[in-house]
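The values are calculated or read from the model by the stated rules, or taken from the named source; none is laboratory data. Here the structure is a predicted model, which is why all the values come from computation and not from measurement. Every residue, glycine as well, gets a Cβ built from its backbone with ideal geometry; the counts of neighbours run over all protein chains shown.
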Amino acid sequence: MLRVLPKIFALLRIYVEDSLAYRASAFIWMLTDVVQCLVMPLVWLSAYHGREAIGGYQPGEMVSYYVVMALVSNFIVSHLMWDLAWEIKEGILSQWLLRPVPIFWMLFARNISWRLLRMVLFVPVALLAGFYYGRMVTLGSMELGALFWLSVLLGHLVSFLVAFALACLAFWLQEVQSVFSLYYAPMLLLSGWVAPIGLMPGWLQALAFLMPFRYTTAVPVEIAVGKLSGEAMWLSMAGQLVWIGLAGLLSWILWRAGIRQYSGVGM
Amino acid sequence: MKRLRFYLNLYRAFLRSSLVREMEFRANFWAKVLFNLLWLGFFLATLKIIYRHTEAIAGWREPEALVLAATLYFLDALISTLFYFGLSELPTMVRQGTLDFVLVKPVDSQFWLSLRRVNLDQLGSLVVAVLLGIYALLRLGYMPSLTNILLYMGMIVMGVLMFYSFHFMMMTLSIWLVRVENLWVLSDVFAQIGRFPTDVFDAVLRRIFTYVLPVAFLATIPAKALLGKASGGFLLVAAGWALAFFVAGRLFWQFALKSYTSASS
């Protein structure tokens, strides 16, 4: 582990530079979050009709929820399966298998550099959004302590490992892109990106608790806006650890099996 | 006149080759239909979650919001059928230099790039959108007058034209931004803003999204026209916008071609 550390730092440096080269793409992707951050709170704000709270969320808390969600999902939610699947299909994977760094660390470094860039780019937008909404409502108080950041990190790992396991399907499936597309609708819904899970009907909430998506973004964001604390919070963070274990194990099994029958097209 | 017949024949050839292509990938056809239904379900779930907690958002009751959703879904299916996927290949063509083969053809390059791929797998979505719209109107217990229906259809045509020209301009950017692969996201963002009634925005943003970046004309205003809440004057504004966008898109393309240097030469 210690011997691999300098390599990881070297990789991080390379990939941070690499992702900076794609800052225009990053900026365009960010606009999707800007729209979500602008539209959803305004939709909810026009739904209160003078009421104190909706599903336990006061107007200011609702706004905070979406702003924090957009900010942390930029860091947490990984989409590496698209690139990795393409690299498996085209045989580009072969050149990495020859390098003296475990491919897992390489992918991790590449992914986290890109995610960090995306989050840093979003910080000014989040501040602007805070300022814009601050004139309309009193923003909810935020819990941005160590536990929140720990939960963000765990959420990142859950999303990374699930995406990694998905990418491994490219070893076997021809039309793997359609599988990835199908992944997004339940993911966006059950990760709390669309709306706080607490506002959903009971059966959907139950489903959200069983699937990995809640443990990516919903848990840290609910901690941040003060909707998840005490025992429920510890349970949810334990859930994050469980999903890291499960998704990690699944990735490892799929990767081992996949690499054994990988033929390195184009070599 | 001869020119017109030439282009009509060309479009018939595009249709034929698209149909042949579609027959080759029949499994894909059903996968696409399923996929589109999933996204519609996703958006309807979002609406459902909101309307569990409220009677109306910015004056739009649930069935009215469903009319809006059906409108946007219909528009989306129409766009995908007519030009979206063909046009979206432009950045790849620029990157690989295959745009050269288009430019040397004795046809208008905009015509060829925009219309050569007709996506027939979206026809199912068109039907679903109409059914959803009828269901929403039945729930409202509202029967639109013939004038309203005609107004609505006219506005949808204008909305398609507006989106087309916007998407064309965004794709044209690839002439300079060769390395940016996700320019299509810009058009998606444009449509995304219109997913909910633009009435939720404050006065300033509402004006911006009506008169500067006219997303309100994609779904909100057409849906209002169908529901009898928008005056016929808006159709004129929409037509004005659509024409302005179209001319701007064409000029922008001709201007961009002057900077095109081809990837391989």
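Summary of computed values
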| item | result |
| --- | --- |
| Breaking point among (1) surrounded by fewer than 18 Cβ atoms within 10 Å (Cβ to Cβ); (2) closer than 30 Å to A:Met142 by Cβ; (3) more than 12 Å from chain B (Cβ to nearest Cβ); (4) not small (Gly, Ala, Ser), for A:Val68 | (1) |
| Sole residue being away from chain B (no Cβ under 14 Å), among the small types (Gly, Ala, Ser) and more than 17 Å from the chain's Cα centre (by Cα), chosen from A:Ala109, A:Ala47, A:Ala10, A:Ala24 | A:Ala10 |
| Top-ranked residue in region B:18-61 [being in contact (Cβ under 8 Å) with a residue 24 or more places away in the chain and small (Gly, Ala, Ser); ranked as farthest from the other protein chains (Cβ to nearest Cβ)] | B:Ser18 |
| Matching residues in region B:152-194 - criterion: being closer than 20 Å to B:Arg206 by Cβ and at the interface with chain A (Cβ under 7 Å from one of its Cβ atoms) | B:Val189, B:Gln192, B:Ile193 |
| Conditions (1) touching a residue at least 24 places away in the same chain (Cβ under 8 Å); (2) away from chain A (no Cβ under 13 Å); number of the one not met by B:Thr92 | (1) |
| Output for region A:88-122, where each listed residue is surrounded by 20 or more Cβ atoms within 10 Å (Cβ to Cβ) and either among the aromatic types (Phe, Trp, Tyr) or not in a helix (DSSP H, G or I) (or both) | A:Phe108, A:Trp114, A:Phe122 |
| Some residue of region B:67-74 being among the polar types (S, T, N, Q), assigned to a loop (DSSP other than H, G, I, E, B) and under 30 Å from B:Arg195 (Cβ atoms) | no |
| Residue in region B:48-62 that is part of a helix (DSSP H, G or I) and small (Gly, Ala, Ser) present | no |
| Filter result for the condition that a residue is at pLDDT 90 or above and assigned to a loop (DSSP other than H, G, I, E, B), over B:Phe196, B:Phe190 | B:Phe196 |
| For B:Gly86: the one exception among (1) part of a helix (DSSP H, G or I); (2) surrounded by fewer than 18 Cβ atoms within 10 Å (Cβ to Cβ); (3) away from chain A (no Cβ under 14 Å) | (2) |
| Leading residue by the ranking (surrounded by the most Cβ atoms within 10 Å (Cβ to Cβ)) among those in region B:97-132 that are in contact (Cβ under 8 Å) with a residue 40 or more places away in the chain and of a type in the set (Val, Ile, Thr) | B:Val118 |
| Those residues of region A:123-149 which are surrounded by fewer than 16 Cβ atoms within 10 Å (Cβ to Cβ), aromatic (Phe, Trp, Tyr) and more than 17 Å from A:Met40 (Cα to Cα), in sequence order | A:Trp149 |
| Qualifying residue in region A:230-246 (condition: surrounded by fewer than 16 Cβ atoms within 10 Å (Cβ to Cβ) and of a type in the set (S, T, N, Q)) | no |
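For (1) more than 14 Å from chain B (Cβ to nearest Cβ); (2) modelled with pLDDT of 95 or more; (3) in contact with a strand residue (DSSP E or B) (Cβ under 8 Å, 6 or more places away or on another chain), each residue gets a yes or a no:
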| position | (1), (2), (3) |
| --- | --- |
| A:Val162 | yes, yes, no |
| A:Ala170 | yes, no, no |
| A:Val176 | no, no, no |
| A:Val179 | no, no, no |
| A:Tyr184 | no, no, no |
| A:Pro196 | no, yes, yes |
| A:Arg214 | yes, yes, no |
